[in-house]
Amino acid sequence: MIPFLDPTSFAVVVAAVASGAAVVIVAYVGTRFIIDSSRLPAAVRDAELLSRVGVNEDRLQHLEQQIREREVTLAERDQAEAEAEYWRTQAETHRAEYANLDSQRAEIEEVREEHRQAVEAHAAKETELRRVAQEIEAVREEREAAEARVKEAEKRLAAISEKEKEAAELDERLEALRAARAEVAGEVDAKRQEMSMLRSQEEDLNRETARLADLKERLAEQVANIRQEAEQLQPLRVEVSDLIRTRDELKVKTGTLEEDCSKLEGRKDRLEARIARLQEEANVQVDGADQEARVLEDLRTVPSCLYDEATGQAVWPTEQAVETELDALARVERLLKETGLEFPRRTINAFHTSLKTAVISPITVLAGISGTGKSQLPRRYADAMGMHFLKIPVQPRWDGPQDLFGFYNYIEKRYKATDLARALVHLDSYNWPEEAAPYEDRMLLILLDEMNLARVEYYFSEFLSRLEGRPMDERAVDKGERAPAEVAIEVSRKGQPMRVYAGQNVLFAGTMNEDESTLSLSDKVMDRANIMRFPRPAELRKELPDAAPTARAKGYLPKTRWIESWMREAENLDATARDRAGRVIAEINGVMDELGRPFGHRMSQAMLHYVANYPASQDKFDNARHVDYALADQLEQRIMPKLRGVDASADRAALMNLAEIARDRLDDLQLGAAIEEAVDRANRSIGIFNWRGFQRIKT
């Protein structure tokens with residue numbers, strides 16, 4: 001069906017075709033096209049017109065073809081009518097009818113004219129459409145260009161945003177620079193004042209220079225006179241040279257004589273000792289009980305660190321009131337400040353924790369230059385905590401344990417005890433229950449002052465090994481457990497040695513100055529010690545407080561509180577803290593292996609024990625922050641001292657890895673920076689690494 005014809009119109013067209021009225025069809029189609037087109041809106045008519053014009057042209061060609069075919073058919077029919085009358089009549093009729101179609105032909109011509117005009121209008125519309133399409137294309141291009149400009153504008157906007165951020169940062173830097181400029185302005189004023197003073201000093205120096213120039217001229221005259229006198233004394237020089245040569249020969253002879261005298265004195269001492277032994281053997285034997293009492297009389301004397309002769313009673317007669325570990329440490333910090341010693345809280349905590357790990361690290365070493373408060377820290381700590389304190393000055397001649405515990409004097413025939421031996425006896429309730437009864441719950445802090453004036457291995461090594469093997473109090477009751485940690489003291493020449501046990505209530509610390517007159521520690525001692533280094537102070541004090549400190553403990557710290565409430569085992573760490581500590585320790589040991597200084601189980605266990613004992617609230621001592629503090633302390637105290645002698649240039653990467661662990665894993669920026677500075681300092685000198693510690697800034 002033709003798209004723009006309704007069913008009735010279509011039936012008419014079909015009937016017309018059937019009857020051969022092609023012209024009528026064309027006229028009808030044109031007329032319907034015009035009528036239907038006039039009813040549509042302009043926009044729709046244009047679109048419909050384009051569609052229908054194309055369809056109508058096709059239909060028109062088809063109809064014209066049909067008309068030609070029908071004309072042929074009509075010609076054939078005229079020939080047939082000539083043969084039959086009927087057909088003539090019929091042709092006449094058709095001719096008459098055909099003549100009547102002239103008016104319809106005129107209408108068809110009009111339709112054709114309208115069709116031509118419609119075609120022209122269609123051509124104009126197509127031209128307009130092409131123009132509109134061009135305009136649309138131009139608009140599309142403009143839109144694409146506009147979109148490109150929008151994207152470019154967005155990029156510029158992003159760049160402007162970045163510039164605004166940079167401007168904000170620059171504003172902040174500008175404010176910082178303004179503040180710095182203000183500080184610099186203050187410094188400039190100070191420098192100007194200093195410059196004024198220097199100019200005044202310069203004028204003084206100029207006057208002094210002029211005076212010295214005059215003096216130089218006078219001295220030149222005196223030198224000339226002296227030279228003349230020297231020329232006159234030339235004969236005496238030969239005589240002086242002979243006297244000097246004679247003096248040197250006498251010095252050699254004197255040295256030889258002194259050596260002979262020394263040998264003779266040694267022989268004399270040995271002979272006197274032999275005579276004393278022979279006299280002892282020759283003397284009449286006294287009663288055994290009286291002899292033992294006389295021999296042990298000195299050993300049973302109560303040392304001054306436990307007993308105050310002025311008051312006639314024990315130091316700290318009463319027990320310190322119950323308090324938390326953190327409260328006690330706060331009192332230590334207050335006492336240090338009152339005496340002019342301001343240490344960072346991290347340093348105080350580190351010293352306290354090191355003492356608490358005495359079961360596995362028997363001694364805490366405080367190393368550094370003289371005058372940095374190394375000796376005062378243990379003393380003031382003991383005063384604030386309520387611990388008895390014994391300071392033992394180490395002598396350069398010490399070469400054996402008898403220098404610590406005393407010796408048997410063959411001349412006096414009695415044992416000469418030391419304060420250390422007396423103190424251990426009065427704190428040993430297992431072997432000396434009568435002497436220890438008044439003091440068995442006391443704590444004692446022993447300080448070996450300048451411990452490296454003599455070789456530590458000679459006088460302290462054996463005792464250190466016994467301290468390391470001390471059992472905890474609940475196991476020390478068993479003599480078999482306790483015996484390996486006991487010390488044998490030779491109190492007589494023939495009698496059985498007396499045994500003494502230093503329990504967990506006896507703590508050891510030592511100080512060591514690092515100069516040309518001291519000796520370094522062996523690896524054995526370093527592996528069993530926490531080493532805290534004290535560098536030069538950042539600011540020198542001009543005076544110390546005179547007022548008496550008020551933060552001293554009011555009573556003694558009970559041993560039971562220290563051991564049962566404050567000390568903790570590594571097993572007390574929760575799984576999270578233990579895993580974190582284990583990972584960091586393993587990472588540190590990996591770096592130490594690269595440096596050729598790996599450590600074993602003892603060191604690892606000691607570090608875990610330190611982590612468990614780091615002071616914190618009872619319900620928070622396992623948190624990550626305190627684990628990091630403790631591990632950073634152990635890196636500083638145990639690991640860095642073992643790196644003495646490492647080639648800082650060849651092993652720079654590994655050393656920097658330790659700095660990275662301190663800075664990134666443990667969040668200790670000060671320690672990380674100190675390690676890097678130590679590496680750079682070694683590379684600037686002879687290239688050998690040497691850890692000197694660092695001044696920790698209070699935070």
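The values are calculated or read from the model by the stated rules, or taken from the named source; none is laboratory data. Note that the structure is predicted; figures quoted are calculated from it, not measured. With ideal geometry, Cβ positions are generated from the backbone for all residues, glycine too; neighbour counts draw on all protein chains shown.
So which residues in region 348-378 are over 12 Å from L329 (Cβ atoms) and in a helix (DSSP H, G or I), if there are any at all? Give the steps one after another, and end with the answer.
In the first step, residues of region 348-378 are kept if they are over 12 Å from L329 (Cβ atoms); the result is 354, 357-378.
If the condition is that a residue be over 12 Å from L329 (Cβ atoms) and in a helix (DSSP H, G or I), then S354, Q376, L377, P378 are the ones that fit.
What do you reckon, is E154 more than 40 Å from the chain's Cα centre (by Cα) and assigned to a helix (DSSP H, G or I)? Can you show your working first?
Values: more than 40 Å from the chain's Cα centre (by Cα): yes; assigned to a helix (DSSP H, G or I): yes.
Against the criterion (more than 40 Å from the chain's Cα centre (by Cα) and assigned to a helix (DSSP H, G or I)), E154 qualifies.
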Among the residues of region 536-567, write down those that are modelled with pLDDT under 90 and surrounded by 15 or more Cβ atoms within 10 Å (Cβ to Cβ). P549, A551
Can you tell me which residues in region 314-347 are in contact with a strand residue (DSSP E or B) (Cβ under 7 Å, 6 or more places away or on another chain) and of a type in the set (G, A, S)? A314
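Assess whether K125 counts as being outside the structural domain of R52 (by TED's automatic domain parsing) and in contact (Cβ under 8 Å) with a residue 60 or more places away in the chain.
On the way: outside the structural domain of R52 (by TED's automatic domain parsing): yes; in contact (Cβ under 8 Å) with a residue 60 or more places away in the chain: yes.
So K125 passes the test.
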State which residue pairs qualify: first residue among the aliphatic types (A, V, I, L, M) and inside region 651-662, second residue not in a helix (DSSP H, G or I) in any location, beta carbons under 9 Å apart, and separation of 6 or more residues or different chains. A654/L595; A654/V646; L655/L595; L655/V646; L655/A648; L655/F689; L658/L595; A662/D668
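Go through the residues of region 430-445 one by one and say whether even a single one is assigned by TED's automatic domain parsing to the domain that holds A384 and within 30 Å of L643 (Cα to Cα).
Initial filter on region 430-445 (assigned by TED's automatic domain parsing to the domain that holds A384): 430-445.
Okay, now just the ones that are also within 30 Å of L643 (Cα to Cα), so 445.
Looking through region 430-445, at least one residue is assigned by TED's automatic domain parsing to the domain that holds A384 and within 30 Å of L643 (Cα to Cα).
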Test of understanding: among E333, E338, E319, which residue is of a type in the set (D, E), under 21 Å from D441 (Cβ atoms) and modelled with pLDDT of 85 or more? E319
Mind listing just one residue for me: the one in region 566-580 that is over 25 Å from the mean Cα position of the chain (by Cα) and not in a loop (DSSP other than H, G, I, E, B) and, of those, farthest from Y614 (Cα to Cα)? E571
Among the residues of region 308-349 satisfying the criterion of being surrounded by fewer than 17 Cβ atoms within 10 Å (Cβ to Cβ) and on the phi > 0 side of the Ramachandran plot, which is farthest from the chain's Cα centre (by Cα)? G312
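Test D667 against the stated conditions and say whether it is assigned to a loop (DSSP other than H, G, I, E, B) and either on the phi < 0 side of the Ramachandran plot or not small (G, A, S) (or both). Let's see the steps before the verdict.
Working: assigned to a loop (DSSP other than H, G, I, E, B): yes; either on the phi < 0 side of the Ramachandran plot or not small (G, A, S) (or both): yes.
Against the criterion (assigned to a loop (DSSP other than H, G, I, E, B) and either on the phi < 0 side of the Ramachandran plot or not small (G, A, S) (or both)), D667 qualifies.
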For region 288-313, name all the residues that are touching a strand residue (DSSP E or B) at 6+ places or on another chain (Cβ under 9 Å), of a type in the set (A, V, I, L, M, F, W, C) and at pLDDT below 85. V295, L296
Given the conditions (1) touching a strand residue (DSSP E or B) at 6+ places or on another chain (Cβ under 8 Å); (2) more than 20 Å from A581 (Cα to Cα), and given that R638 satisfies all but one, which numbered condition is not satisfied? (2)
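Can you name the residue in region 619-645 that is acidic (D, E) and at pLDDT 90 or above and is also farthest from S361 (Cα to Cα) among such residues? Spell out how you get there, then give the answer.
Of the residues in region 619-645, the ones acidic (D, E) are 619, 622, 628, 633, 636.
Of the ones still in play, those that are also at pLDDT 90 or above are 628, 633, 636.
Numbers: D628: 20, D633: 14, E636: 15 Å.
Going through the qualifying residues, I end up with D628.
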Can you tell me how many residues in region 578-594 are buried (at least 18 other Cβ atoms within 10 Å of the Cβ) and farther than 19 Å from D664 by Cβ? 1
First in region 617-628 and closer than 21 Å to E323 by Cα, second anywhere and at pLDDT below 70 and surrounded by fewer than 11 Cβ atoms within 10 Å (Cβ to Cβ), Cβ under 7 Å, 6 or more apart: none
